[in-house]
1. Of the residues in region A:79-125, how many are of a type outside the set (A, V, I, L, M) and farther than 22 Å from B:Val166 by Cα?
2. For the structure I just gave you, tell me whether B:Gly67 is in contact (Cβ under 8 Å) with a residue 12 or more places away in the chain and surrounded by 24 or more Cβ atoms within 10 Å (Cβ to Cβ).
3. How many residues are farther than 18 Å from A:Leu19 by Cα and either facing chain B (nearest Cβ under 9 Å) or at pLDDT below 85 (or both) if we restrict to region A:50-81?
4. Mind listing whichever residues of region A:30-49 are more than 11 Å from every other protein chain (Cβ to nearest Cβ), buried (at least 19 other Cβ atoms within 10 Å of the Cβ) and in a helix (DSSP H, G or I)?
5. Where residues in region B:37-56 are in a helix (DSSP H, G or I), without any contact (Cβ under 8 Å) to a residue 40 or more places away in the chain and β-branched (Val, Ile, Thr), which of them is surrounded by the most Cβ atoms within 10 Å (Cβ to Cβ)?
6. If you take the residues of region B:78-113 that are more than 8 Å from chain A (Cβ to nearest Cβ) and closer than 25 Å to B:Tyr23 by Cβ, which of them is surrounded by the most Cβ atoms within 10 Å (Cβ to Cβ)?
Amino acid sequence: MEKTLYQIFKTFFKVGTLLLGGGYVILPLLQSELVDKKNWISDDELCEYYALSQSIPGIIAANTAIFTGYRLRGTLGAISATLGIVTPAFISIILVARILEEIINLKFIQSIFWGVGVGVLILIFLAVKEMWRKSIVDKFTCVIFFMVFILSSCFKAPPATLIILSIFIGLWLPYQNKIEHGGKE
Amino acid sequence: MIIYLKLFLEFFHIGLFSFGGGYATLPFLYHIADVQKWYTTKQLSDMIAVSSITPGPVGVNVATFAGFSTAGIQGALIATTAVILPSLIIIIIISKLLEQFRHNKYVKSVIYTLKPAGCGLLAAVGVDMFINNINICGMILLVGLFIASITEKRDPLFYLGVSALVGLIAGFFNLTG
């Protein structure tokens, strides 16, 4: 199938619509749309974009879409993919937000939200578990985890400050030859 | 006008500094609730619930929602654009330099320290949400979901569906507190 900007937009619009319950299902969705159905990129490429998407800032599902869009048609492709993945989210939230004010005080809606809130906690727990598995590879990363955790939960440090702090630690590390790191690729 | 600029800057900084996917934007959104007072933490937890069960990446949904509740449609548009813009810029640059990027020791080292930091931030939000929202009945549901999660890898929608259903039933018996 031809890789026009409109086709890219349409493909990611479809993927964006099917994304429910978090961005974690983006990889299988993109595999089925881009690799199996359209044959636009290879499975290896897609997996690499997914891995890269996790090591840069931003929302992983959106990042993967942007990488793929860029690979297909350069900067304009990246923009088309972004618009495609964001538009369903935008439309659905605007629609729901408008009616939410009307229904938020209904008791059964509150009960459902209460339940979903507990469900989200489990999803956060699973996300932390998965991130832990990928990121805590030695004592040093474990120290960073607990440092950030304590500064954030006990001292309410702004998240951006903690991220910038970690960036500086990361830039300073290569000067400390004693510390072996980054070995797991 | 000034509110739009503030919205743009807040959400741009979320897009730039959140590591680890959609839920990684939550620490920043809670921080905004504390500092800017655009919405309360209770409103934020409703927004997170809605965002989890509507189409689209959770991070985009919740940004759109927070923007909407702060400044209407324009607010939603600005917040969504701002949260995604850093990704777009960074990826366009990285794609051009993919080979150098992959093997640079500083890049590797920064990724090595950023990942545990993103994980720590999200864990802190999880603990915070747990302390503020969970009563006895929620605890029972949570333990049930936890057991379900360790026995088998399941779709996120499974947890959300089961919890919504349990919430509905618990609400009927006035157990949601």
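The values are calculated or read from the model by the stated rules, or taken from the named source; none is laboratory data. These numbers were taken from a predicted model, which means no experiment stands behind them. So basically every Cβ, Gly included, is an ideal-geometry build from the backbone, and we count neighbours across all protein chains shown.
1. So in region A:79-125, the residues of a type outside the set (A, V, I, L, M) come out as A:80, A:82, A:84, A:87-88, A:90, A:92, A:98, A:101-102, A:105, A:107-108, A:110-111, A:113-115, A:117, A:119, A:125.
Subset that is farther than 22 Å from B:Val166 by Cα: A:80, A:82, A:84, A:87-88, A:90, A:92, A:98, A:101-102.
Adding up the residues that qualify gives 10.
2. Values: in contact (Cβ under 8 Å) with a residue 12 or more places away in the chain: yes; surrounded by 24 or more Cβ atoms within 10 Å (Cβ to Cβ): yes.
Taking the combined requirement at face value, the residue satisfies it.
3. First, the residues of region A:50-81 that are farther than 18 Å from A:Leu19 by Cα: A:51-52, A:55-57, A:70-79.
When the remaining residues are screened for being either facing chain B (nearest Cβ under 9 Å) or at pLDDT below 85 (or both), the result is A:51-52, A:55-57, A:70-71, A:74-75, A:78-79.
Qualifying residue count, region A:50-81: 11.
4. A:Leu30, A:Leu34, A:Leu46 - these are the residues of region A:30-49 that are more than 11 Å from every other protein chain (Cβ to nearest Cβ), buried (at least 19 other Cβ atoms within 10 Å of the Cβ) and in a helix (DSSP H, G or I).
5. We begin by selecting, within region B:37-56, every residue in a helix (DSSP H, G or I); these are B:41-53.
Restricting the remaining residues to those that are without any contact (Cβ under 8 Å) to a residue 40 or more places away in the chain gives B:42-44, B:46-51.
Remaining after also requiring β-branched (Val, Ile, Thr): B:48, B:50.
Numbers: B:Ile48: 25, B:Val50: 20.
Among residues in region B:37-56 that are in a helix (DSSP H, G or I), without any contact (Cβ under 8 Å) to a residue 40 or more places away in the chain and β-branched (Val, Ile, Thr), the one surrounded by the most Cβ atoms within 10 Å (Cβ to Cβ) is B:Ile48.
6. B:Ala79
One line per residue, one yes/no per condition, for (1) at the interface with another protein chain (Cβ under 7 Å from one of its Cβ atoms); (2) surrounded by fewer than 19 Cβ atoms within 10 Å (Cβ to Cβ); (3) at pLDDT below 90:
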residue	(1), (2), (3)
A:Glu101	no, yes, yes
A:Phe113	yes, no, yes
A:Lys129	no, yes, yes
A:Ser135	yes, no, yes
A:Lys139	no, yes, no
